[in-house]
Amino acid sequence: GAGVSQSPSNKVTEKGKDVELRCDPISGHTALYWYRQSLGQGLEFLIYFQGNSAPDKSGLPSDRFSAERTGGSVSTLTIQRTQQEDSAVYLCASSSRGADTQYFGPGTRLTVL
Amino acid sequence: AQSVSQHNHHVILSEAASLELGCNYSYGGTVNLFWYVQYPGQHLQLLLKYFSGDPLVKGIKGFEAEFIKSKFSFNLRKPSVQWSDTAEYFCAVMGPNSGYSTLTFGKGTMLLVSP
C-alpha cells in the first residue's frame, strides 16, 4: 500500500519567511511523528500526535515551530520567521499506534537563505 | 534522558567482508531497539527491531543484531557485505522517557562498501 508522503520535497525560503510542510501518513495509522535531520545534530524528535490526545510537543526547539493534525490524518508543520539554523530535512513518520514500528516518509529538505 | 551512541561515524569495507556496527544506549530499564537504514537518495527504512524475546534478531537483507542487556548494546552484524549495502545506518531506542512512543536516534554510521 501507499507509504508516508510529504510535500514539498524541497523548499527554499528566505530568512524571516514562514513555511508549511505537509505530511500524509499511512492510512489507518493513528500515531504521527515529526523529526528533523540536520548535519551535526543527527535525527531529532520534534512532535508526536496519537489519536485525539494532546500532542507531545517536547521536542520543538522554539515557539516558532508548531504543528497540527486535522481529522486525525494529515499533519502540517509550520515554522514561523525562519532562521538559517532551521535548514534541515524534516521527516514525518507514522505508526499503527504508539510504541510500534514507525514508517518514515521521504522528507522535506528546507533551505533557509 | 536516554541517549544512543554509535561508535563509528564512517566505515569502509570491501565486498564480502564482515560487518559489525556498534550501538550503545544509556537507559537501564526496558527499551525497544531499532536499526534503520537510509540508502542513497532514499528514505529511512526499518532493518530490524527488538521488543522482547530472543535477543538475537534477524532482519532484512541478511542483517542481524544482538541485544546484550548487561552491556546496554544492540550491535548490528552482517557476515558478508555487498556493494548494495552502502548506506547510512541508524540505531534508535524507544524507552519509558518518551512513554515508549518517540525514537531517540544515534548520530548514524555511514557504510561504504567498495566492489
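The values are calculated or read from the model by the stated rules, or taken from the named source; none is laboratory data. In this text the structure is predicted, and so the values were computed from the model without any measurement. Cβ atoms come from the backbone with ideal geometry, glycine included; neighbour counts cover every protein chain shown. Side chains included, ligands, DNA and RNA excluded: accessible areas come from the protein's heavy atoms. Shrake-Rupley method; radii C 1.70, N 1.55, O 1.52, S 1.80 Å.
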Of those in region B:82-115 that are farther than 25 Å from A:Arg97 by Cβ, in contact with a helix residue (DSSP H, G or I) (Cβ under 9 Å, 6 or more places away or on another chain) and not small (Gly, Ala, Ser), the residue farthest from the other protein chains (Cβ to nearest Cβ) is B:Pro115
Going through region A:101-113 in order, the residues found to be within 9 Å of chain B (Cβ to nearest Cβ) and either out of contact with any Leu (no Cβ under 8 Å at 6 or more places or on another chain) or of a type outside the set (Ser, Thr, Tyr) (or both) are A:Gln102, A:Phe104, A:Gly105, A:Pro106, A:Gly107
Taking region B:79-101 and keeping residues open to solvent by 10 Å² or more (accessible area, probe 1.4 Å) and not in a helix (DSSP H, G or I) leaves B:Pro79, B:Ser80, B:Gln82, B:Thr86, B:Glu88, B:Gly99, B:Tyr100
Would it be correct to say that A:Arg81 is among the basic types (Lys, Arg), more than 9 Å from every other protein chain (Cβ to nearest Cβ) and either closer than 21 Å to B:Leu33 by Cβ or out of contact with any strand residue (DSSP E or B) (no Cβ under 8 Å at 6 or more places or on another chain) (or both)?
-> yes
Per the filter on region B:5-25, residues more than 11 Å from the chain's Cα centre (by Cα) and among the acidic types (Asp, Glu) are B:Glu15
Filtering region B:51-66 down to residues that are assigned to a strand (DSSP E or B) and surrounded by 19 or more Cβ atoms within 10 Å (Cβ to Cβ) yields B:Val57, B:Ala65
Those residues of region B:71-101 which are hydroxyl-bearing (Ser, Thr, Tyr) and under 16 Å from the mean Cα position of the chain (by Cα) amount to B:Ser73, B:Thr86, B:Tyr89
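Could you identify the single residue in B:Leu33, B:Leu44, B:Leu76 that is within 11 Å of chain A (Cβ to nearest Cβ) and open to solvent by less than 30 Å² (accessible area, probe 1.4 Å)? Let's see the steps before the verdict.
Numbers: B:Leu33 fails: within 11 Å of chain A (Cβ to nearest Cβ); B:Leu76 fails: within 11 Å of chain A (Cβ to nearest Cβ).
Exactly one residue qualifies, and that residue is B:Leu44.
The rows are residues; the columns are (1) under 24 Å from B:Pro96 (Cα atoms); (2) open to solvent by 20 Å² or more (accessible area, probe 1.4 Å); (3) in contact with a Phe, Trp or Tyr (Cβ under 6 Å, 6 or more places away or on another chain).
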site: A:Gly28; (1), (2), (3): no, yes, no
site: A:Tyr35; (1), (2), (3): yes, no, yes
site: A:Lys57; (1), (2), (3): yes, yes, no
site: A:Gly71; (1), (2), (3): no, yes, no
site: A:Thr76; (1), (2), (3): no, yes, no
site: A:Thr82; (1), (2), (3): no, no, no
site: A:Asp86; (1), (2), (3): no, no, no
Checked against (1) more than 13 Å from chain A (Cβ to nearest Cβ); (2) under 17 Å from B:Thr102 (Cα atoms), B:Ile68 satisfies every condition except (2)
